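This report concerns only the one structure given below.
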Amino acid sequence: MDKLPPSEKFFDISDYSRPFSHLLVRKIKNSNISPIHFTTLSLLCGISASIYIYFGKFPFFSAFLILLKSFFDAVDGELARARNRPSFVGRFYDSVVDFIVNILIFLALSLRFEIDAVKFFLVVILFHLQGSVYNYYYVLKRHKAGGDKTSNINEKKITSIYPYDNRFWFKIFHTLYVWIYSWQDYLIYKLDKDATELKNVPNSFMSLVSLLGLGTQLLIIALMLVFSLEIYIIDFFIYVYTILALIILFLRKMAYKQID
């Protein structure tokens, strides 16, 4: 049910909901519930949270919905792996849902606090680039450590899909994914293409880079909502988290040049 072999697991800060998703997946593994159902639930949670954020109502409930979204986001892929039925449709649908939810959260904040369009688009771009740093190294880690290979660095060309994947929905979600994420994947690759030559990506570095994972980003947003700091969320991800991402890229180049 895991993306990595036991010896290659690292402390993933962004994957805080995994213990709970393990419990649920064990209960429903043999049910008729589809992983797609949980991806859709994560979308509904994100939409609901965005509405509450926009109106400035029930910040604790908004934070709960965001964390619930992260939980469902963990369940879908884990359920597919537990059944040994990885899916390209599910993989790309999941990423498209993440993008939609992120857009809605920042749109809600921008409209509520009358933030201009330039700043809105800037935080959307930077927020996703931060997450792409984590995804880049995590995909490398999984490929080099013999883990799950449903994801790749370059997702533009998928030569074959699983027999049970619906080709129509695969084409829809893969096309959307390429439009949304391919330029991000390419940019992060160009910033640190030497990482592809490493024999492995160390667990200590992966724990550090997991600060940039979507789960961590959403956790920070949830906490800022709880502590009535939502007016600072956009600035936080434009400035603080962009600096953190650059520091992590620098550390990879300086401190993890060669790995045995």
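The values are calculated or read from the model by the stated rules, or taken from the named source; none is laboratory data. Predicted model only: the values in this text are computed from it and were never measured. Don't worry about glycine lacking a Cβ; one is built from the backbone with ideal geometry, like all the others, and counts go over all protein chains shown.
A single member of ARG167, ARG142 is in contact with a Lys or Arg (Cβ under 9 Å, 6 or more places away or on another chain) and over 25 Å from ILE66 (Cα atoms), and it is ARG142.
Report, by residue number, each residue of the stretch 55-90 that is of a type outside the set (A, V, I, L, M, F, W, C), closer than 23 Å to LEU23 by Cβ and touching a residue at least 24 places away in the same chain (Cβ under 8 Å).
LYS69, SER70, ASP73, ASP76, GLY77, GLU78, ARG81, ARG83, ARG85, PRO86, SER87, GLY90 - these are the residues of the stretch 55-90 that are of a type outside the set (A, V, I, L, M, F, W, C), closer than 23 Å to LEU23 by Cβ and touching a residue at least 24 places away in the same chain (Cβ under 8 Å).
Residues of the stretch 96-143 that are among the charged types (D, E, K, R) and surrounded by 17 or more Cβ atoms within 10 Å (Cβ to Cβ): ASP98, LYS141, ARG142. One residue stands out among those in the stretch 201-236 that are touching a residue at least 24 places away in the same chain (Cβ under 8 Å) and surrounded by fewer than 16 Cβ atoms within 10 Å (Cβ to Cβ): the one that is nearest to ILE125 (Cα to Cα), which is ILE231. Annotation note: of ARG26, ARG91, the sole residue that is closer than 27 Å to LYS171 by Cα, outside any loop (DSSP other than H, G, I, E, B) and modelled with pLDDT under 95 is ARG91. Residues that are assigned to a loop (DSSP other than H, G, I, E, B) and among the charged types (D, E, K, R) were ranked within the stretch 130-173; the one that is nearest to PHE10 (Cα to Cα) is ASP148.
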